[in-house]
Amino acid sequence: MLSFILFVSLPLTTAFSEIRVCQSPGCLDDGARETLDYLTSLAPPDVRVGKGRCVSLCGAGPVVEVIKDGSGASSLKEKKVAGEKMKNMIIKWHDSNDGDVLKPYQITGLVQGYEESIQAREAYDAKDFEGALELCTFAIQDARKPAMLLQEARDRDSSAGCESNEELGFPVEMRWLIETFKVSCRCRLVLGDVEKARSDAFAATIFSKNSDPDAHECLAEVCKATHDLIGELQALKAAVGQYNRIEELCSKPQPGADAPSRAQNTQRKKKAAARKRELGFRINSL
């Protein structure tokens with residue numbers, strides 16, 4: 001299997017230097033994508049989390065490799081990293097920082113808020129809008145401040161190369177919080193709380209550095225609900241501009257061996273183009 005390493009945080013001062021989450025088909029079936037998202041979003045600044053290759057432990061996934069140094073030598077392979085094991089791993093990493101970034105109660109709030117955000121998405125997909133909104137509210141209350149403190153700590157060390165995902169336009173570690181604001185916004189719209197929906201939409205655009213097209217779509221939906229045609233038009237045009245950016249990025253040549261990335265970029269480009277066409281119809285009607 002090929003190896004795909006996308007570092008999303010900072011160099012380590014702890015005993016290990018990298019965490020790699022296997023992304024082979026078997027581990028993906030076992031929930032490795034969710035494990036990667038969880039560890040990426042919640043890891044402290046001195047833990048680098050990335051995509052990893054198959055380590056021949058199929059059936060025991062999600063599998064996580066703990067790398068001690070920059071040589072690439074694997075020091076430990078953790079099996080079935082999900083649920084409580086995944087949560088305990090995050091808490092242990094933060095505890096090793098001796099409160100340099102987050103206090104114990106903030107770590108608890110961060111983890112709890114992230115898990116509430118996942119539950120909120122599930123409730124929203126099931127059309128339980130009141131339940132989803134309640135979970136979003138708890139997630140934002142519990143985790144917003146610690147998530148911001150954590151990202152500030154990641155950003156402080158410019159030499160570490162903590163980069164925004166180029167396609168996203170904002171730190172990948174903050175994606176879950178942005179998604180929570182968007183779910184909250186759409187729940188509020190369904191339930192008729194337009195003004196708070198507007199606040200959520202603005203928060204999503206701010207945290208995404210105006211780079212998330214769907215956050216602009218949330219704002220357009222709020223404007224449509226209040227018959228603000230000018231605001232809706234501006235938000236839709238902003239969303240189209242971000243979809244254009246994604247199309248351009250996904251059109252860049254990929255290394256010859258990186259077939260999965262090429263396939264993913266093709267799908268992302270098609271999705272952006274399709275969404276842009278749909279928004280274009282609405283823009284032309286305004």
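The values are calculated or read from the model by the stated rules, or taken from the named source; none is laboratory data. All values derive from a computational prediction rather than experimental measurement. Neighbour counts run over all protein chains shown; Cβ positions are idealised from the backbone, glycine included. What goes into the accessible areas is simple: the full protein's heavy atoms, side chains included, and nothing from ligands, DNA or RNA. Shrake-Rupley method; radii C 1.70, N 1.55, O 1.52, S 1.80 Å.
Report whether or not S17 is of a type outside the set (D, E, K, R) and modelled with pLDDT of 80 or more.
When the stated conditions are applied, S17 does not pass them.
If a residue must be crowded, with 24+ Cβ neighbours inside 10 Å and on the phi > 0 side of the Ramachandran plot, how many such residues does the stretch 34-62 contain?
Result for the stretch 34-62: 0.
Please work out if V222 is of a type in the set (V, I, T) and touching a Leu at 6+ places or on another chain (Cβ under 8 Å).
When the stated conditions are applied, V222 passes them.
Taking H227 and the conditions (1) assigned to a helix (DSSP H, G or I); (2) without any contact (Cβ under 8 Å) to a residue 40 or more places away in the chain; (3) not acidic (D, E), which numbered condition does it fall short on, given that it satisfies the others?
So H227 meets the others, but not (1).
Pairs, please: C-beta under 8 Å, at least 6 apart or cross-chain, first residue within 17 Å of W176 (Cβ to Cβ) and assigned to a loop (DSSP other than H, G, I, E, B) and in the stretch 199-213, second among the basic types (K, R) and open to solvent by 20 Å² or more (accessible area, probe 1.4 Å)?
Final answer for the pair search is S211/R245.
Could you please find all residues in the stretch 130-142 being crowded, with 21+ Cβ neighbours inside 10 Å and either touching a residue at least 40 places away in the same chain (Cβ under 8 Å) or more than 19 Å from the chain's Cα centre (by Cα) (or both)?
Within the stretch 130-142, A132, L133, C136, A139, I140 qualify.
Looking only at residues that are open to solvent by 60 Å² or more (accessible area, probe 1.4 Å) and assigned to a helix (DSSP H, G or I) in the stretch 233-267, which one is modelled with the lowest pLDDT?
R262
Return the only residue of K145, K127 being open to solvent by 20 Å² or more (accessible area, probe 1.4 Å) and either free of Cβ contacts under 8 Å to residues at least 24 places away in the same chain or in contact with a strand residue (DSSP E or B) (Cβ under 9 Å, 6 or more places away or on another chain) (or both).
None of the other options fit; the residue is K127.
Out of curiosity, is D193 on the phi < 0 side of the Ramachandran plot and without any contact (Cβ under 8 Å) to a residue 12 or more places away in the chain?
In short, yes.
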